[in-house]
Amino acid sequence: MIKTFFSILFVGIVGVVLAGVFLVAASGLYTIPWLTKALGADKPRDFGIVASEQLFIEQLTEQQIKLTAPYDQYCLTCNLVYSDPAPMNIVLNSEELTSYLQITNQTFGPLKNMQIKLGDDNFAEISAWIDLTTYGYDLKGPIYIVGSFSVASPQSISFDIETAKIGMLPVPAEYMVKAETELNKLVDTQLDKMSGLKIDTLEVSAGTLLFQGDFPHTISVSGK
């Protein structure tokens, strides 16, 4: 069940990044990465978290998870199909979550080299390299997000963006507000696909994430 939980957390947390960046791109500020490269900010911020495919495989084996497609097809833009929920009680650290995000996005999707640093009080830091050129935006460069989440109901999660940067430059506050709205719509769309979902506990504390509840235990890929 670890793989399934990774997937929905990925949709939510990475959705924070995508929602904000898409809005900034649409605002006409999408030439910022050229400036940040000139300033020497052309690489994602390094939290010192090392991704490990072996760690990821060990987790899947321990939880007896069977994947129906290669790892890199479970990306943000891939079309996922969820099975019926089952009870789940799991604790993840930054290395485990970062390993999932990097391994599943090696080939497809707009985000690469992601790192997630889990903190306290449901806060997390995210760094990544984003490329939106295939989506019609001239936006390619490093991004940095600080955000938090809360359980809105047993079937939904609410996200809040505190800080967002493209390269060295902050995203304007008005675009972060719009990003939060779009993000929560994105997450609700994914959660609505999971009939019987029940979130009893979802929290980040002392660098670890705890989930308890009923969640889909199998994910299939029907396309990208």
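The values are calculated or read from the model by the stated rules, or taken from the named source; none is laboratory data. Source: prediction; values computed, not measured. FYI the Cβ positions are ideal-geometry reconstructions off the backbone, even for glycines, and counts take in every protein chain you see.
Counting the residues of region 81-136 that are under 14 Å from Phe56 (Cα atoms), within 12 Å of the chain's Cα centre (by Cα) and among the aliphatic types (A, V, I, L, M) gives 2. For region 101-135, a tally of residues being among the polar types (S, T, N, Q), part of a strand (DSSP E or B) and within 23 Å of Asp160 (Cβ to Cβ) returns 2. Among the residues of region 132-163, those that are over 27 Å from Asp192 (Cα atoms) and either among the basic types (Lys, Arg) or crowded, with 16+ Cβ neighbours inside 10 Å (or both) comprise Tyr137, Leu139, Lys140, Gly141, Pro142, Ile143, Tyr144. Scanning region 151-172 for residues that are at pLDDT below 75 and on the phi < 0 side of the Ramachandran plot gives Met168, Leu169, Val171, Pro172. Select, from Leu97, Leu92, the only residue that is within 28 Å of His217 (Cβ to Cβ), in contact (Cβ under 8 Å) with a residue 40 or more places away in the chain, among the hydrophobic types (A, V, I, L, M, F, W, C) and in a helix (DSSP H, G or I). Result of the check over Leu97, Leu92: Leu97. Does region 83-91 contain any residue that is more than 19 Å from Val187 (Cβ to Cβ), buried (at least 21 other Cβ atoms within 10 Å of the Cβ) and not hydrophobic (A, V, I, L, M, F, W, C)? Within region 83-91, not a single residue is more than 19 Å from Val187 (Cβ to Cβ), buried (at least 21 other Cβ atoms within 10 Å of the Cβ) and not hydrophobic (A, V, I, L, M, F, W, C). Could you tell me which residue of region 173-189 is surrounded by the fewest Cβ atoms within 10 Å (Cβ to Cβ), considering only residues that are more than 30 Å from Asp84 (Cα to Cα) and in contact with a strand residue (DSSP E or B) (Cβ under 9 Å, 6 or more places away or on another chain)? Filtering first and then ranking leaves Val177. Only residues that are more than 16 Å from the chain's Cα centre (by Cα) and in a strand (DSSP E or B) were counted across region 137-155, and they come to 5.
Among the residues of region 29-56, the ones that are at pLDDT 65 or above, in a helix (DSSP H, G or I), of a type outside the set (Asp, Glu) and loosely packed, with under 14 Cβ neighbours inside 10 Å come to 1 in all.
When Leu92, Leu132 are checked against the criterion of being under 20 Å from Asp72 (Cα atoms), of a type in the set (A, V, I, L, M) and out of contact with any Cys (no Cβ under 7 Å at 6 or more places or on another chain), a single residue qualifies: Leu132. Restricting attention to region 194-210 and to residues that are in a loop (DSSP other than H, G, I, E, B) and either touching a Leu at 6+ places or on another chain (Cβ under 8 Å) or among the β-branched types (Val, Ile, Thr) (or both), the residue that is nearest to Glu95 (Cα to Cα) turns out to be Gly207.
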